[in-house]
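Novice: The structure that follows is given in the form of structure tokens.
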Amino acid sequence: MNDKKELKRELLLPGDLIEDEGVKPGRGTFKRDGKIYAATLGIKTVRSGYVNIAAQSGRYDPKKGDRVIGTVTDVNSSIWMVDLNAPFPAVLHVNDVPWRVEFGDTKRYIDVGDAILVKISNVDELKKIQISMDEEGLRKLNNGQVIEIAPSQVPRVIGRKGSMISMLKNYTDCRIYVGQNGRIWIDGPLEGQYVAVKAIQMIEEKAQVIGLTDAVEEYLKAETGKVLEVDKENV
Amino acid sequence: MADEDVKLIDEKGIRLDGRRFDELRPISIEAGVLKRADGSAYLEWGENKVLAAVYGPREMHPRHAQNPSRAVVQARYNMAAFSVPDRKRPGPDRRSVEISKIMSEALEEIVFVEQFPRASIDVFVEVLEASAGTRCAALTAASVALADAGIPMSDIISSCAAGKIDGQIVLDLGKKEDNYGEADVPLGMVPSSGKITLLQMDGNLTLEEYKQVMELAMGACKKIYQLQRDALKRRYSTSLKNFEEMADDTEEV
């Protein structure tokens, strides 16, 4: 959609003054003496009255509501400790999983090393992260593989209105889930997985190429030998 | 103390390496040179070569060193064994422990540490080649690496030294000038606000001389700030290009 926000894109560095009038400080900004400044290196975006800085690098910053892929690092009788690639470990409690787990029976359901698709249900001021699996679509990831990319590249892998990700799925016949924390789960025929991994690496490396979607489609066509033109309605 | 034979400035006011009193050595900075670190920078400053890497914010170990209300910035300054003409004995020594400490304290001033309770932000600076002024070079590189790592901070720190040689106030002392000069004052500051985050002095200055030194060094910091910004902009200039092709928010699967 071309709403009124078709401003010039601007790369800001920490400490840069944001001169827009009548906006509120959003993510990646800070306010000092009534003026708004950029706090992280990134691209300025304005949405619903807030200026945000879309970070172009850095670790995953956990946000409530994000769907992420975690790996279990520790289990005890009522919780699982989960690594989300964030600065802080996350806790999954037995009450937040879709099964009825007897006390001390946690290991039978999820064990150390398992990959799970979860939602961040809360991040408190002390940055304690609570996650939940008790929701439609959230589950333990039994098959396939998980790869990692920089969290800042996640929007590129998804693409405008999901264009990139649906293209990847259609060409490779794989099920793909991109967690907001930069972990990507891929499952499907082995050749498809291989191509998908290569394509995602290409997206990450060539993030700055103009017309990236077309370049990736070119690659997918060459690798899979498929011709798909039906998919334009998705855009 | 000075070796009387060494003349550091000639009659025309030209220094040993051909600079005038207010000239910096040539500086080049490149951001994002290391793939495995969260952020990095490589800096050449005259004959100094410095590499900085940033990791984090990440969970801090050992646990007892965690601060429950904010992140800890841990900088480590280290000189390579081959960084100086005579082999430097590897490992931390009195000097590098001191520099690590003052760098950590300087960087903590700009990082929004309250946003990451219990975490640590680790900054590693390796001096590959040293020729006077490495602590300024290290701090300058470290703050570029921090910005490259996407860490929230209020500004970028720039650093530069000034001092006194042969009775004259000069900027950015070289190796010989440092060894045979009368005073050396390394300064680290936030150029936009003028806030000083690092200040040391080796040697003696009168109050008047000190004021001149500060003015000279602060002016130079502003120039260095521009170089730091340019390095970061160069690194990320391409990020803007296909921004329109990206998903704009938390978009579905």
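Novice: Which of the residues belonging to the range A:136-161 are without any contact (Cβ under 8 Å) to a residue 60 or more places away in the chain, closer than 30 Å to B:PHE116 by Cβ and more than 11 Å from chain B (Cβ to nearest Cβ)?
Specialist: The answer is A:LYS140, A:ILE147, A:ILE149.
Novice: Follow-up question, since we're still on this one. Please work out if A:ILE165 is of a type in the set (A, V, I, L, M), at pLDDT 90 or above and either surrounded by 14 or more Cβ atoms within 10 Å (Cβ to Cβ) or not in a strand (DSSP E or B) (or both). Quick ask: steps written out before the conclusion?
Specialist: Details: of a type in the set (A, V, I, L, M): yes; at pLDDT 90 or above: yes; either surrounded by 14 or more Cβ atoms within 10 Å (Cβ to Cβ) or not in a strand (DSSP E or B) (or both): yes.
Yes.
Novice: Please determine whether any residue of the range A:117-135 is surrounded by fewer than 20 Cβ atoms within 10 Å (Cβ to Cβ), away from every other protein chain (no Cβ under 13 Å) and of a type in the set (A, V, I, L, M).
Specialist: The answer is no, given that none of the residues of the range A:117-135 is surrounded by fewer than 20 Cβ atoms within 10 Å (Cβ to Cβ), away from every other protein chain (no Cβ under 13 Å) and of a type in the set (A, V, I, L, M).
Novice: Could you please find all residues in the range A:106-117 being over 24 Å from the mean Cα position of the chain (by Cα) and in contact (Cβ under 8 Å) with a residue 12 or more places away in the chain?
Specialist: In the first step, residues of the range A:106-117 are kept if they are over 24 Å from the mean Cα position of the chain (by Cα); the result is A:106-109.
Of everything in the range A:106-117, those that are over 24 Å from the mean Cα position of the chain (by Cα) and in contact (Cβ under 8 Å) with a residue 12 or more places away in the chain turn out to be A:THR106, A:LYS107, A:TYR109.
Novice: Exactly one of these conditions fails for B:MET103: (1) surrounded by fewer than 24 Cβ atoms within 10 Å (Cβ to Cβ); (2) in a helix (DSSP H, G or I). Give me its number.
Specialist: If we test B:MET103 against (1) surrounded by fewer than 24 Cβ atoms within 10 Å (Cβ to Cβ); (2) in a helix (DSSP H, G or I), just (1) comes out false.
Novice: Quick one: in the range B:54-70, of everything that is more than 9 Å from chain A (Cβ to nearest Cβ) and exposed (fewer than 14 other Cβ atoms within 10 Å of the Cβ), which residue is nearest to A:SER57 (Cα to Cα)?
Specialist: Applying the filter and picking the extreme gives B:HIS61.
Novice: Please state which one of B:ARG118, B:ARG135 is under 17 Å from the mean Cα position of the chain (by Cα) and basic (Lys, Arg).
Specialist: On the way: B:ARG118 fails: under 17 Å from the mean Cα position of the chain (by Cα).
Within the list B:ARG118, B:ARG135, the selection yields B:ARG135.
Novice: Of (1) assigned to a strand (DSSP E or B); (2) at negative phi, B:LYS35 satisfies all except one. Which?
Specialist: Among (1) assigned to a strand (DSSP E or B); (2) at negative phi, the lone unmet condition for B:LYS35 is (1).
Novice: Moving on to the next point. Taking the range B:171-223 on its own, how many of its residues are surrounded by 17 or more Cβ atoms within 10 Å (Cβ to Cβ), within 20 Å of B:SER104 (Cα to Cα) and either modelled with pLDDT under 95 or of a type outside the set (Val, Ile, Thr) (or both)?
Specialist: Qualifying residue count, the range B:171-223: 7.
Novice: Something else: Any idea which of B:LEU24, B:LEU51, B:LEU43 is part of a loop (DSSP other than H, G, I, E, B) and either in contact (Cβ under 8 Å) with a residue 40 or more places away in the chain or surrounded by 12 or more Cβ atoms within 10 Å (Cβ to Cβ) (or both)? Lay out the reasoning, then the answer.
Specialist: Numbers: B:LEU51 fails: part of a loop (DSSP other than H, G, I, E, B); B:LEU43 fails: part of a loop (DSSP other than H, G, I, E, B).
Matching residue, one of B:LEU24, B:LEU51, B:LEU43: B:LEU24.
Novice: Next question. Out of (1) within 14 Å of chain A (Cβ to nearest Cβ); (2) of a type outside the set (A, V, I, L, M); (3) within 14 Å of B:VAL213 (Cβ to Cβ), the odd one out for B:LYS195 is which?
Specialist: (3)
Novice: Then there's this: Being among the charged types (D, E, K, R) and within 14 Å of chain A (Cβ to nearest Cβ) narrows it down to one of B:ASP166, B:ASP155, so name that one. Lay out the reasoning, then the answer.
Specialist: Numbers: B:ASP166 fails: within 14 Å of chain A (Cβ to nearest Cβ).
Testing whether each residue is among the charged types (D, E, K, R) and within 14 Å of chain A (Cβ to nearest Cβ) leaves just B:ASP155.
Novice: If a residue counts only when it is in contact with an Asp or Glu (Cβ under 6 Å, 6 or more places away or on another chain), which strands (runs of 3 or more DSSP E) contained entirely in the range A:1-113 have at least 2 such residues?
Specialist: On the way: elements: A:29-32, A:35-38, A:42-47, A:50-55, A:67-75, A:79-83, A:90-93.
Because the criterion is at least 2 residues that are in contact with an Asp or Glu (Cβ under 6 Å, 6 or more places away or on another chain), the strands (runs of 3 or more DSSP E) in the range A:1-113 that meet it are A:67-75.
Novice: Check B:GLY194, B:GLY167, B:GLY203, B:GLY188 and return the single one that is in contact (Cβ under 8 Å) with a residue 60 or more places away in the chain and not β-branched (Val, Ile, Thr). Steps first, answer last, please.
Specialist: Working: B:GLY194 fails: in contact (Cβ under 8 Å) with a residue 60 or more places away in the chain; B:GLY167 fails: in contact (Cβ under 8 Å) with a residue 60 or more places away in the chain; B:GLY203 fails: in contact (Cβ under 8 Å) with a residue 60 or more places away in the chain.
The unique qualifying residue is B:GLY188.
Novice: Please find, within the range B:120-141, the residue that is nearest to the other protein chains (Cβ to nearest Cβ) out of those that are crowded, with 24+ Cβ neighbours inside 10 Å and closer than 22 Å to A:ASP61 by Cα.
Specialist: Top of the filtered list is B:ILE121.
Novice: Quick check on my filter: what residues within the range A:187-218 are of a type outside the set (Asp, Glu), surrounded by 17 or more Cβ atoms within 10 Å (Cβ to Cβ) and out of contact with any strand residue (DSSP E or B) (no Cβ under 7 Å at 6 or more places or on another chain)?
Specialist: Hits for the range A:187-218 are A:GLY192, A:VAL195, A:ALA199, A:ILE203, A:ALA207, A:VAL209, A:LEU212, A:THR213, A:VAL216.
Novice: Just to be sure before I move on: is B:ARG95 in a helix (DSSP H, G or I) and free of Cβ contacts under 8 Å to residues at least 12 places away in the same chain in the structure I sent?
Specialist: Values: in a helix (DSSP H, G or I): yes; free of Cβ contacts under 8 Å to residues at least 12 places away in the same chain: yes.
Answer is yes for this residue.
The values are calculated or read from the model by the stated rules, or taken from the named source; none is laboratory data. This structure is a prediction, so every number in the text was calculated from the model and none was measured. Counting neighbours? That spans all protein chains shown, and the Cβs are built from the backbone with ideal geometry, glycine included.
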